[in-house]
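The values are calculated or read from the model by the stated rules, or taken from the named source; none is laboratory data. This is a predicted model, so every value here is computed, not measured. Every residue, glycine as well, gets a Cβ built from its backbone with ideal geometry; the counts of neighbours run over all protein chains shown. Heavy atoms of the whole protein, side chains included, go into the accessibility calculation; ligands, DNA and RNA do not. Shrake-Rupley method; radii C 1.70, N 1.55, O 1.52, S 1.80 Å.
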Amino acid sequence: MTAPPPSLLVEDLAFAYPDGHQALFGVDLRIERGERVALLGPNGAGKTTLVLHLNGILRAGRGEVTVAGLPVAKRSLPEIRRRVGVVFQDPDDQLFMPTVADDVAFGPRNLGLPEEEVAARVTAALEQVRMADAADRPPHHLSFGQRRRVAVATVLAMQPEIVVLDEPSSNLDPAGRRELAEVLTELPVTLLMVTHDLPYAAQMCPRSVILDGGVVVADGPTPDVLSDAGLLAAHRLELPYGFSPAG
Amino acid sequence: MGAGPGGTLLARYVPGTSAVHRLEPHLKLVSVLAFALVVVATPVHAPWAPAAYAGYLLAVLTAAAVAGVSPARLARGLVVEVPFVAFAVLLPFVAAGPQVEVLGLSVSRTGLAAGGGLLAKATLSILAATILSATTEPRALLRGLERLRLPQVLVQILMFMIRYADVVGGELHRMRVARESRGFHGGGLRGLRVMAATAGSLFVRSYERGERVHLAMLSRGYTGRLPTGAVSAAAPGAWAVALSLPLAAAAVLLAGMLLG
Ligand SMILES: Nc1ncnc2c1ncn2[C@@H]1O[C@H](COP(=O)(O)OP(=O)(O)OP(=O)(O)O)[C@@H](O)[C@H]1O
Ligand SMILES: [Mg+2]
């Protein structure tokens, strides 16, 4: 019996923006199916740039991204975007349809699924994030935390191989953080979470990767990574006062 | 703005269960458009024109009563008309031709008819449109427009306007609060300069948001088409209800032409 291919395989990925600014200098990253991984790094490290490569929004200058065995290429883009669900930082960017249900249905409809299947996926995705009651409400009437959970539902409805979240805990109050963490840890998918929020990484992700200056500088079990004070300091990462990663 | 979060556009819709509320949105659109066409087709200089306007008014007020749209709501709808009023009031003074005395002022007879006609037609059409917007959710209106084969691009632009009016309005509001918190009061030349900077920065922010929204849409497989859900066919009875307003107006117009 052969093992399933890794959910995500990034090999020697390099990229420069059109203005000449080089953001990634050869990134290697392998994430197995069902893993939950935190991607840490200071401002400007290249985290968002990496995320935009995972679903082919940006095209690699060098190297390759493979999602569950399928390489990211122009021809495979529709399937890649189904397999990789990206949840962006500002839910107002993600939620643009007049109602929550319409918005969650947007992706499945783009896949050309029949209406009954679309409806079933919308219901299932909203239930997974505990937002089924809000189906007919306009997104801008929801609280920020609710909007973020709906944004997660919009990618779950695509039944992705891997869900990628850019700064999921930003702007959330403690209750909103906890609710989101509960929802995310219950999801039966591979998860890559970009964050500055080290306690959140410790709480949710067994494994952490540090990206800085466009390369991966550390990759290991989260407690090990977070208890290496020298490593954190070298990459402008700080634990909140009084927080102990070993716990 | 001032309507608070989630206010601006959606506040115009008043939920209800009247016969008008339950009509399919595209039927209502056709009905309002046909009514406006009949109103506009009325010759302003015909001697029976004022009687016809009265007839239309009766028809549209009846529709408002059936729809349960309050007079106050109708009056608020008419606020958009204010610029027309200014123009219509000017017409009798600037138009040429035989003069008549009104309240001691000498004004042009044709100008008076034209100004009065313009005002009456605008008022009637806006009343009908107000009933439409008070009884139809914005997104239902969009579906109606789509049913009527309005090009996809226009439907999408309108949809984004509805969705982001509040987001952009909120951004503007926060910028104003931030300005005033630092002691800005507006007015004068300096005020204008600050306003220009605000408008510029709002434009850049909105533009950048547009780019981010587009990225997020691409990430979910957007290809340029916006797929909407299935729509049901309208029953013949619904057409009859929807068309009763323009048909009543057409009957008034016909009576005027034949009898007047
Ligand atoms: N559109 C762009 N054009 C040119 N350079 C860019 C562009 N977007 C980002 N960069 C640059 O690329 C580098 C990496 O940016 P990126 O947004 O990926 O960082 P990040 O790790 O996501 O940071 P943050 O934590 O602040 O979100 C930065 O130096 C940034 O200035
Ligand atoms: Mg970023």
Any hit, the stretch B:146-163, residues being of a type outside the set (A, V, I, L, M, F, W, C) and within 28 Å of B:ALA197 (Cα to Cα): yes
Candidate set from the stretch A:52-77 (those that are without any contact (Cβ under 8 Å) to a residue 60 or more places away in the chain and within 14 Å of ligand 2 (Cβ to nearest atom)); member that is surrounded by the most Cβ atoms within 10 Å (Cβ to Cβ): A:HIS53
Residue under evaluation A:VAL129, criteria (1) touching a residue at least 60 places away in the same chain (Cβ under 8 Å); (2) surrounded by 21 or more Cβ atoms within 10 Å (Cβ to Cβ), criterion not met: (1)
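Given the criterion within 16 Å of ligand 2 (Cβ to nearest atom) and among the acidic types (Asp, Glu), identify the matching residue among A:ASP219, A:ASP197. Quick ask: steps written out before the conclusion?
Working: A:ASP219 fails: within 16 Å of ligand 2 (Cβ to nearest atom).
None of the other options fit; the residue is A:ASP197.
Determine whether the stretch A:36-47 contains at least one residue that is under 22 Å from A:THR190 (Cβ atoms), away from ligand 2 (no atom under 16 Å from the Cβ), at pLDDT below 95 and in contact with a strand residue (DSSP E or B) (Cβ under 9 Å, 6 or more places away or on another chain). First the steps, then the outcome.
To start, the set of residues in the stretch A:36-47 that are under 22 Å from A:THR190 (Cβ atoms) comprises A:36-41, A:45-47.
Adding the requirement that they be away from ligand 2 (no atom under 16 Å from the Cβ) leaves A:36-37.
Those left that are additionally at pLDDT below 95: none.
No; the residues of the stretch A:36-47 include none that is under 22 Å from A:THR190 (Cβ atoms), away from ligand 2 (no atom under 16 Å from the Cβ), at pLDDT below 95 and in contact with a strand residue (DSSP E or B) (Cβ under 9 Å, 6 or more places away or on another chain).
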Odd one out for A:THR49 among (1) within 16 Å of A:VAL163 (Cβ to Cβ); (2) open to solvent by less than 20 Å² (accessible area, probe 1.4 Å); (3) not aromatic (Phe, Trp, Tyr): (1)
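Condition check: farther than 17 Å from B:LEU124 by Cβ and open to solvent by 80 Å² or more (accessible area, probe 1.4 Å). Does B:HIS45 satisfy that?
Numbers: farther than 17 Å from B:LEU124 by Cβ: yes; open to solvent by 80 Å² or more (accessible area, probe 1.4 Å): yes.
Considered against the rule, which asks whether it is farther than 17 Å from B:LEU124 by Cβ and open to solvent by 80 Å² or more (accessible area, probe 1.4 Å), B:HIS45 comes out as yes.
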Residues of the stretch A:9-33 that turn out to be away from ligand 1 (no atom under 16 Å from the Cβ) and either over 20 Å from A:VAL225 (Cβ atoms) or within 14 Å of chain B (Cβ to nearest Cβ) (or both), as a count: 4
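Yes or no, residue by residue, for (1) in a helix (DSSP H, G or I); (2) within 16 Å of ligand 1 (Cβ to nearest atom); (3) more than 13 Å from the chain's Cα centre (by Cα):
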{"position": "A:PRO160", "(1), (2), (3)": "no, no, no"}
{"position": "A:VAL163", "(1), (2), (3)": "no, no, no"}
{"position": "A:PRO188", "(1), (2), (3)": "no, no, yes"}
{"position": "A:LEU191", "(1), (2), (3)": "no, no, no"}
{"position": "A:ALA202", "(1), (2), (3)": "yes, no, yes"}
{"position": "A:VAL209", "(1), (2), (3)": "no, yes, yes"}
{"position": "A:VAL217", "(1), (2), (3)": "no, yes, yes"}
{"position": "A:LEU232", "(1), (2), (3)": "yes, yes, yes"}
One residue from A:GLY26, A:GLY20 being away from ligand 2 (no atom under 16 Å from the Cβ) and not in a loop (DSSP other than H, G, I, E, B): A:GLY26
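Considering only helices (runs of 4 or more DSSP H) fully contained in the stretch A:60-157, which possess at least 2 residues that are out of contact with any Lys or Arg (no Cβ under 7 Å at 6 or more places or on another chain) and more than 8 Å from chain B (Cβ to nearest Cβ)? Write out each step before concluding.
Values: elements: A:77-83, A:91-94, A:100-110, A:115-128, A:144-156.
It comes to A:77-83, A:100-110, A:115-128, A:144-156.
Identify, please: which residue in the stretch B:8-60 is out of contact with any Asp or Glu (no Cβ under 7 Å at 6 or more places or on another chain) and within 14 Å of chain A (Cβ to nearest Cβ) and is, among those, modelled with the highest pLDDT? Don't jump to the end; show me each part of the working.
Of the stretch B:8-60, the ones out of contact with any Asp or Glu (no Cβ under 7 Å at 6 or more places or on another chain) are B:9-12, B:14-60.
Those still in the list that are within 14 Å of chain A (Cβ to nearest Cβ) too: B:9-12, B:15, B:25.
On the way: B:LEU9: 48, B:LEU10: 43, B:ALA11: 48, B:ARG12: 73, B:PRO15: 83, B:PRO25: 89.
Among those residues, the one meeting the criterion is B:PRO25.
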Qualifying residue in the stretch A:78-85 (condition: surrounded by 15 or more Cβ atoms within 10 Å (Cβ to Cβ) and within 16 Å of ligand 2 (Cβ to nearest atom)): no
Some residue of the stretch B:118-134 being under 17 Å from the mean Cα position of the chain (by Cα), charged (D, E, K, R) and modelled with pLDDT of 85 or more: yes
Test: residue in the stretch A:209-228 that is touching a strand residue (DSSP E or B) at 6+ places or on another chain (Cβ under 6 Å) and among the small types (Gly, Ala, Ser): yes
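Go through B:GLU24, B:GLU101 for me and flag whichever is open to solvent by less than 60 Å² (accessible area, probe 1.4 Å) and acidic (Asp, Glu).
Numbers: B:GLU101 fails: open to solvent by less than 60 Å² (accessible area, probe 1.4 Å).
Checking each option against the conditions leaves just B:GLU24.
For the stretch A:165-194, which residues satisfy the criterion of being among the β-branched types (Val, Ile, Thr), more than 16 Å from ligand 2 (Cβ to nearest atom) and either within 14 Å of chain B (Cβ to nearest Cβ) or surrounded by 15 or more Cβ atoms within 10 Å (Cβ to Cβ) (or both)? Give the steps one after another, and end with the answer.
Within the stretch A:165-194, the first condition is being among the β-branched types (Val, Ile, Thr), and the residues that meet it are A:183, A:185, A:189-190, A:194.
In the following step, the residues that additionally are more than 16 Å from ligand 2 (Cβ to nearest atom) were identified as A:183, A:185, A:189-190.
Once the filter is applied, which keeps residues that are among the β-branched types (Val, Ile, Thr), more than 16 Å from ligand 2 (Cβ to nearest atom) and either within 14 Å of chain B (Cβ to nearest Cβ) or surrounded by 15 or more Cβ atoms within 10 Å (Cβ to Cβ) (or both), the stretch A:165-194 yields A:VAL183, A:VAL189, A:THR190.
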Within the stretch B:70-88, considering residues that are modelled with pLDDT of 75 or more and under 18 Å from B:TYR53 (Cα atoms), the one surrounded by the most Cβ atoms within 10 Å (Cβ to Cβ): B:ALA88
Lone unmet requirement of (1) of a type in the set (Val, Ile, Thr); (2) within 16 Å of ligand 1 (Cβ to nearest atom); (3) crowded, with 23+ Cβ neighbours inside 10 Å for A:VAL152: (2)
Residues of the stretch B:175-227 that turn out to be exposed (fewer than 14 other Cβ atoms within 10 Å of the Cβ) and within 14 Å of another protein chain (Cβ to nearest Cβ), as a count: 7
